[in-house]
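Below: one structure, written as structure tokens.
The values are calculated or read from the model by the stated rules, or taken from the named source; none is laboratory data. Model, not experiment: these values are computed from the prediction. Here the Cβ positions follow ideal geometry from the backbone for every residue, glycine too, while neighbour counts run over all protein chains shown. The area values use the complete protein model at the heavy-atom level, side chains included, leaving out ligands, DNA and RNA. Shrake-Rupley method; radii C 1.70, N 1.55, O 1.52, S 1.80 Å.
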Amino acid sequence: MKVYVKSQSGKWLMPTNPANARILLKKGKAKVLQRTPFVIQLLYETTEHVQTVTVGIDDGGIQVGIAAVSRGKVLFQEELTLRSDIKSKLDTRRQYRRSRRYRKTRYRKARFLNKKQSLPTCKVCGGNAPASQVICRSCLNRADGVHQKYAGIKKSMFRIPPSIRAKKDAIIRVVKQMPLPISRIVLEDLYFDFQAMENPDISGEQYQHGDLLYHKNFKQACLVRDKFRCRVCGAQTKLQCHHIRPRAKGGTDKLSNLMTLCDVCHDRHHKERLQLPKQKSSFYMSAAHVQQGKHYLQRELSKTAPLSTTFGYITGHHRNRAGIEKSHVNDAVVIADKKAIPFDGYIKTNHVQSRKRSLHESTARKGRKSPNRTQNRNNKNVFTLKGFTRWDTVQYKGCVGFISGFTGRSSCRIIDIHGEYIKNPEKKYTQVNLREVRKIHGNRSTVRYYANSSPTES
């Protein structure tokens, strides 16, 4: 890996090799700013001439590949793992808040349009607009016809769900924090035809004939497809629809995700893990997330550097011609420069929850005669303890890991890059005393480490 350099004035310069960085640090002409990736800052004035650096981004629903190339040489490789727990945490927070309001306050009328993302703002002048539109009355009456672009478009069409927005903001944040002088950005643009992915021969008016063309609901369509018989034992009574992938784990009501089972086989599958016949079931949640937030990502990245787009079939053609293994990082290198060859090492970045939050108790303790002033609900959600912070990179007994949480007043738990606990081999418990831990550097919402092996496609 390269050593990245920042000038004395704070501008990014071209990276150098570790030998030159070691000499500068020994002579006191530079200082260490960051360890992953390793960044130094010069302590003397120098010229700030840089080369053209192109950043390639291979967007994905869970993993994102980012690479920087200059003059055919790869300078930076990173694989970003996005969070997928935003929606569940928002649902939990909503549940806690509603239960508290219902039991501790009088009835209050529901309020809408009270959040910044939902406020009606004119897309032309930035002023106030009607709640259902995206353009104000003055811009609507302008003679230059600017309103034609937004005619008939509702405000809800511009809103991005928080789960998708969090993923795109994570990509934008990582690109802005890249320790290189970015000249331009190349992003892979994606278009998905989900019905054609299910049925490659679909055409014309068949797009309007879905699974429910002759049925009232998905349950009836599933029963008709399976001829009103259990797929395991062939029973014709007490039939139920089983979700191959549970809805709690991202499963949908698509016909390919449903299977007809009788009540006995259904119970045996959930309780005794009864084997079910194989059925092809496709899920496009990651593809939907990428496609839904791509315009927001393009708009925000264009503010950082000039942006251009490419397509996946172009990337695949040049990758196969060069004999490069398929992965998000390798695709990002090909996107940035078709003739560049990726190297083995890359930076693995995981976006994590920066702070544990517990707003209220999930179940209220009724019948309390005195105010609850002694219970400390947030003791389990300690974020900082004795100079250490959650997700800090630390060293314990020769092993490097990350603090996943604190216990008690002087202990913590440490995990490695694979999620396994690093503990004292002579003890059975996983707690580690903070006096035996050495802090390497602090992290906040991202955990970074070097990965030497080649990344895999996921």
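Given the peptides 345-354, 204-213, 92-101, arrange them by the average over their residues of other C-beta atoms within 10 Å, most packed first. Mind showing how you got there, number by number?
Values: 345-354: 18.0, 204-213: 10.5, 92-101: 13.1.
In decreasing order of mean packing, 345-354, 204-213, 92-101 become 345-354, 92-101, 204-213.
Using θ = phi - 60° in the Karplus curve 6.51 cos²θ - 1.76 cosθ + 1.60, the 3J(HN,Hα) couplings for the stretch 292-309 round to 6, x, 6, 5, 5, 5, 5, 5, 6, 5, 5, 6, 7, 7, x, 10, 9, 10 Hz; x is entered for Gly and Pro. By a 1.4 Å probe calculation restricted to protein chains, I202 has an accessible surface near 20 Å², given to the nearest 10. According to the Kirkwood relation over distinct C-alpha pairs, the hydrodynamic radius of the stretch 179-252 is 16.6 Å. Summary value for the stretch 169-291: 21 percent relative contact order, contacts being C-alpha pairs under 8 angstrom separated by 6+ residues.
The heavy atoms of D58 offer some 10 square angstrom of accessible surface to a 1.4 angstrom probe. Here the spin labels are modelled as points 7 Å beyond Cα on the Cα-Cβ line, and at R247 and K428 they lie 4.2 nm apart. In this rough spin-label picture, where each label sits 7 Å from Cα along the Cβ direction, the F192-E420 distance is 3.4 nm. On a per residue basis, the stretch 1-56 carries 58 Å² of accessible surface, using protein heavy atoms and a 1.4 Å probe. Summing charges over neighbours of V447, with a neighbour being any other residue whose Cβ is under 12 Å away from its Cβ, gives +3 when K and R count +1 and D and E count -1.
Distance between the 7 Å Cα→Cβ label points at M14 and H49: 0.9 nm.
Pairs from the list K348/K423; K303/K326; K348/K397; K6/K27; K87/K278 with a Cα-Cα gap above 25 Å: K303/K326; K87/K278.
To the nearest Å, what is the center-to-center distance of the stretch 167-194 and the stretch 38-58, using C-alpha atoms only? Taking the Cα centre of the stretch 38-58 as reference, the centre of the stretch 167-194 is 19 Å away.
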